[in-house]
Amino acid sequence: MATISAKSILVPKISSSSSNSNVSSNRSSSSCLPSFKPTISLKASYSKSRSFVIKNGLDTVETKGKSSGTKDVTKETKPTILVSEKLGEAGIKVLESFANVDCSYNLTPEELCKKISNVDALIVRSGTKVSRQVFEASKGRLKVVGRAGVGIDNVDLQAATEFGCLVVNAPTANTVAAAEHGIALLSSMARNVAQSDASMKAGKWERNKYVGVSLVGKTLAVMGFGKVGSEVARRAKGLGMHIIAHDPYAPADRARALGVELVSFEKAITTADFISLHMPLTPITSKVFNDETFGKMKKGVRIINVARGGVIDEDALVRALDSGVVAQAALDVFTVEPPPQDSKLVQHANVTVTPHLGASTKEAQEGVAIEIAEAVVGALNGELSATAVNAPMVPAEVLSELAPYVVLAEKLGKLAVQLVAGGSGIKSVKVVYKSARDRDDLDTRLLRAMIIKGIFEPISSNFINLVNADYTAKEKGVRISEERIVVDSSPEFPVDTVQVRIANVESKFASAMSDNGEICIEGKVKGGVPHLTCVGSFSVDVSIEGSLILCKQVDQPGMIGRVGSILGQRNVNVSFMSVGRIGVRKQAIMAIGVDEEPDKDTLKQIGDVPAIEEFVFLDL
Ligand SMILES: NC(=O)C1=CN([C@@H]2O[C@H](COP(=O)(O)OP(=O)(O)OC[C@H]3O[C@@H](n4cnc5c(N)ncnc54)[C@H](O)[C@@H]3O)[C@@H](O)[C@H]2O)C=CC1
Ligand SMILES: O=C(O)C(=O)COP(=O)(O)O
C-alpha cells in the first residue's frame with residue numbers, strides 16, 4: 001500500500017482533475033503530499049474547497065508563480081489568526097510565517113464578536129470567553145480555536161462542535177510550571193511567606209505570629225491525578241510528604257509507579273492534612289468543595305487550588321476558614337477572574353493568593369505558544385490535530401494507513417446520496433466494514449465522518465468535518481450505525497471493503513437496491529485508488545474518479561462498444577468500463593467511468609439504446 005503522510009490526509013491531491021484513464025496505476029504518494037513548508041501547504045490546502053477543516057472566507061492574495069496547469073497566476077490565500085491574549089514571541093513567529101496575525105488583547109465581548117467574522121482561527125488563554133455568541137458572530141468563518149494552555153472551560157465546546165469549529169489546546173507545555181506553582185503555594189502557605197513578607201514591609205517583625213507547619217510526614221491528597229497532579233505528587237514526595245490521590249479515571253498502576261495510593265473522594269478529604277486540587281472544571285467537579293465536603297475534612301486542613309476556581313464554592317470556603325475547619329488556603333484561580341476587589345476570600349488573613357500565575361513562567365509561555373501555534377497552523381492546513389479537544393485524536397500512523405480509505409469513504413457517501421430519489425427522507429445509514437483486523441484494531445471514526453460528509457454536504461448548506469459529522473447526522477435525525485465483519489483476507493490492509501446502505505428510500509436507479517430494499521453500494525481500495533465494487537446485488541469494478549454512468553441492461557454482445565461509441569462521438573473520455581451480471585445473457589450493470597460530464601443529448605442517446613433498462617449519471 002502506498003504510504004501517505006498523515007499530513008496529507010485532509011488535503012486533497014491538487015492535480016486530481018488532470019488524472020486520466022490510467023486509473024489502475026498506483027498514485028505516487030508524494031504527489032499527494034503538501035509541503036511541510038507553511039506557505040506551500042497553505043497553497044495546497046486553501047486552493048481546494050475539499051480541505052477538511054477550512055472551506056471558506058479566506059483573504060485572497062494574488063501572486064505570480066508557476067502552477068502545474070497552464071495559468072501563470074495562481075491564487076494564494078492566507079488565513080487570518082486573531083490572538084486575543086498575550087502569547088509567547090516564538091509562537092507568534094510560527095503563526096506569522098503562515099497567516100495574517102492580529103494580536104488584539106483586552107477585547108470586550110462585543111469587540112471580539114465584531115472581529116470574529118474576519119478570522120479563520122482564534123487563539124486564547126484563560127481570559128477570553130469563547131461563547132456561543134462568538135461562534136454565531138463568526139458566520140461560519142472561524143474554523144479553529146486554539147487554547148494556549150490546558151483548561152478549555154472558557155470555550156463553549158458544544159457550540160464549537162455545532163459550528164464545525166475545531167478546538168485544540170496545548171496540554172503539556174505548562175504542566176511543570178503549574179506543578180511548581182502548586183508546590184510554591186503549598187510551601188509558602190505552610191510557612192506564611194506572603195503574610196510575613198507583607199508584615200515586614202509594613203515595618204513589623206512578628207516572629208511569633210508566623211510560626212508555620214512542617215510538611216514532612218504530612219498527608220497530601222492530590223485531587224485529580226493527571227499531568228499536573230502527578231508532577232505535584234512527585235515533587236511533594238521529595239519533600240517527605242505521604243501522598244494519596246483521588247481520580248476516578250486515572251490508572252492505578254501509574255499512581256503505584258510513583259508510590260501514590262489512589263483512594264476514594266471520601267477517604268482523600270477525610271484523611272489529608274493538605275489537599276491540592278488538580279481536576280478540570282466540569283459539571284461534575286463544579287463546587288465539589290462545598291459546605292458538606294468541607295464539613296468532612298480534618299480540622300485544620302490546608303487547601304491549595306491551582307486548577308480552577310469553580311471547583312470550590314468560594315462562600316463555603318470563607319465559612320470553613322472562619323470556623324477554623326480549613327486552617328489556610330492558597331489559591332491561584334477564582335470563580336470570577338479577576339475576583340472582586342472586596343472579595344472576602346482574597347482578603348482573608350489565612351488565604352494566600354496569586355493572580356492565575358500557574359502557567360506563567362517564561363519557559364512555559366514559550367512552550368505553550370509554540371505548541372498552540374503549531375496545532376493551529378496544522379489544523380488550518382487540514383491536518384487532524386493530536387491535541388483536538390472536540391474531535392477524535394487519530395494517531396499519525398493510523399491516519400497514514402487510513403488515507404486512501406478516507407477518500408473512498410467520502411466518495412461512497414457522495415455516490416450513495418445521488419442514488420436517492422425520494423421516499424420519506426434519509427433516516428438511517430448503515431456502514432459495513434469488512435476487515436481482517438481484530439474488532440478493536442480498526443478506528444472507524446474518521447471513515448464514518450467522511451461518509452457522513454459525502455452524504456450530507458451535497459444536500460445541505462453546512463460544511464461537514466470530523467468535528468461536526470456525528471452531530472450533523474444526529475441533528476438531521478439520521479441514525480448512523482456501523483458493523484464490522486471479520487473476513488479472512490490480509491490484515492496488512494485495515495479495511496477490505498466498505499459498504500454504505502441507506503434504508504427506507506427509493507432510488508433513481510432501482511438496481512442499486514439490495515434484496516432487503518436498501519440502496520447498497522460497496523467499494524474497496526485497490527492500489528491506493530478507491531474502486532466501486534458493488535451496486536445493489538451486482539458486482540462491478542470501476543475506479544471512483546471523475547464521473548460515473550451506471551446502466552442496467554440485458555447482457556448481450558456489443559453493449560460496451562455501443563455505449564462507448566456514443567460517448568466517443570461526443571468527445572467524452574471513458575476512463576474505465578466494467579460489467580457485472582447475475583448470469584450470462586441475464587441482467588447486468590455496466591459502470592462507465594467518464595472524465596467529463598456528458599451533455600443531456602448524449603445521456604438521452606444512451607438511454608435510448610433498447611437493451612438499456614435504466615441508467616443514472618453520478619457526479620463524483
Ligand atoms: N493555574 C494555572 O495556570 C493552570 C491550571 N491548570 C489546570 O489544572 C488542571 C489540571 O491540568 P492537567 O493536569 O494538565 O490536566 P489533566 O487532564 O492531565 O488532568 C486532570 C485529571 O483530573 C481527573 N479528573 C477528572 N474529573 C475528576 C474528578 N471528578 N475528580 C478527580 N479527578 C478528576 C482526570 O481524570 C485527569 O487525570 C486543569 O483544571 C487545568 O485547567 C493547568 C495548567 C496551568
Ligand atoms: O493552562 C491552563 O489551564 C491555565 O490555567 C493557564 O492559563 P493562562 O494561559 O495562564 O491564562
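The values are calculated or read from the model by the stated rules, or taken from the named source; none is laboratory data. Please read these numbers as outputs of a predicted model, since none were measured by experiment. Cβ atoms come from the backbone with ideal geometry, glycine included; neighbour counts cover every protein chain shown. We work out accessible area using only protein heavy atoms, side chains counted, and drop any ligands, DNA or RNA first. Shrake-Rupley method; radii C 1.70, N 1.55, O 1.52, S 1.80 Å.
Below is a table of values for the structure above.
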quantity: Residue tally, condition outside any helix (DSSP H, G or I) and at negative phi, over region 374-386; calculated: 5
quantity: Residue count for region 340-363, restricted to those that are open to solvent by 30 Å² or more (accessible area, probe 1.4 Å) and under 13 Å from Ser126 (Cα atoms); calculated: 4
quantity: Residue ID - nearest to ligand 2 (Cβ to nearest atom), chosen from residues in region 344-368 that are of a type in the set (A, V, I, L, M) and farther than 23 Å from Gly212 by Cα; calculated: Ala359
quantity: Cβ pairs under 8 Å, 6+ apart, first in region 181-197 and closer than 20 Å to Val333 by Cβ, second aromatic (Phe, Trp, Tyr) and at pLDDT below 95; calculated: none
quantity: Number of the condition not met by Ala255 [criteria: (1) within 16 Å of ligand 2 (Cβ to nearest atom); (2) at pLDDT below 95; (3) of a type outside the set (D, E, K, R)]; calculated: (1)
quantity: Residues of region 87-127 satisfying the condition of being within 16 Å of ligand 1 (Cβ to nearest atom) and closer than 21 Å to Leu380 by Cα; calculated: Leu87, Gly88, Val124, Arg125
quantity: Boolean, Glu371 is modelled with pLDDT of 90 or more, within 16 Å of ligand 2 (Cβ to nearest atom), open to solvent by 20 Å² or more (accessible area, probe 1.4 Å) and not in a loop (DSSP other than H, G, I, E, B); calculated: yes
quantity: Of residues in region 458-473 being out of contact with any Ser or Thr (no Cβ under 8 Å at 6 or more places or on another chain), of a type outside the set (Phe, Trp, Tyr) and touching a residue at least 12 places away in the same chain (Cβ under 8 Å), the one most open to solvent (accessible area, probe 1.4 Å); calculated: Ile459
quantity: Subset of region 356-368 [in a loop (DSSP other than H, G, I, E, B) and either within 18 Å of Asp313 (Cα to Cα) or of a type in the set (D, E, K, R) (or both)]; calculated: His356
quantity: Conditions (1) at pLDDT 95 or above; (2) within 19 Å of Phe98 (Cα to Cα): number failed by Ser385; calculated: (1)
quantity: Residues of region 205-236 satisfying the condition of being of a type in the set (Lys, Arg) and over 16 Å from Ile183 (Cβ atoms); calculated: Arg207, Lys209
quantity: Subset of region 128-156 that is aliphatic (A, V, I, L, M) and under 17 Å from Thr108 (Cβ atoms) - its residue that is nearest to ligand 1 (Cβ to nearest atom); calculated: Val130
quantity: Condition broken by Glu545, with the remaining ones in (1) open to solvent by 10 Å² or more (accessible area, probe 1.4 Å); (2) assigned to a strand (DSSP E or B) satisfied; calculated: (2)
quantity: Test set (1) surrounded by 20 or more Cβ atoms within 10 Å (Cβ to Cβ); (2) within 16 Å of ligand 1 (Cβ to nearest atom) - Glu337 fails condition number; calculated: (1)
quantity: All positions within region 488-504 that are open to solvent by 40 Å² or more (accessible area, probe 1.4 Å) and in a loop (DSSP other than H, G, I, E, B); calculated: Asp488, Ser489, Ser490, Pro491, Glu492, Phe493, Asp496, Asn504
quantity: Candidates Val263, Val326, Val311 - the one that is modelled with pLDDT of 95 or more and closer than 20 Å to Arg234 by Cβ; calculated: Val263
quantity: Residue check for Leu239: closer than 16 Å to Gly182 by Cα and away from ligand 2 (no atom under 16 Å from the Cβ); calculated: yes
quantity: Selection count where residues are open to solvent by less than 30 Å² (accessible area, probe 1.4 Å), modelled with pLDDT under 85 and under 19 Å from the mean Cα position of the chain (by Cα), scope region 414-457; calculated: 1
quantity: Residue match in region 195-216 (condition: of a type in the set (Ser, Thr, Tyr) and within 16 Å of ligand 2 (Cβ to nearest atom)); calculated: no
quantity: Test: residue in region 396-415 that is in a loop (DSSP other than H, G, I, E, B) and out of contact with any Cys (no Cβ under 6 Å at 6 or more places or on another chain); calculated: no
quantity: Residue pairs meeting the criteria (Cβ under 9 Å; at least 6 apart or on separate chains; first over 19 Å from Phe135 (Cα atoms), in region 96-118; second modelled with pLDDT under 95 and β-branched (Val, Ile, Thr)); calculated: Ser97/Thr39; Phe98/Thr39
quantity: Residue match in region 218-237 (condition: aromatic (Phe, Trp, Tyr) and either touching a residue at least 60 places away in the same chain (Cβ under 8 Å) or touching a strand residue (DSSP E or B) at 6+ places or on another chain (Cβ under 9 Å) (or both)); calculated: yes
quantity: Condition check for Arg132: in contact (Cβ under 8 Å) with a residue 40 or more places away in the chain and among the basic types (Lys, Arg); calculated: no
quantity: Boolean, Ile566 is modelled with pLDDT of 90 or more and farther than 24 Å from Leu412 by Cα; calculated: yes
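A quick yes/no check of all residues on (1) under 26 Å from Val535 (Cβ atoms); (2) in contact with an Asp or Glu (Cβ under 8 Å, 6 or more places away or on another chain); (3) acidic (Asp, Glu):
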{"site": "Ala373", "(1), (2), (3)": "no, no, no"}
{"site": "Val377", "(1), (2), (3)": "no, no, no"}
{"site": "Ser400", "(1), (2), (3)": "no, no, no"}
{"site": "Ala421", "(1), (2), (3)": "yes, yes, no"}
{"site": "Asp443", "(1), (2), (3)": "no, no, yes"}
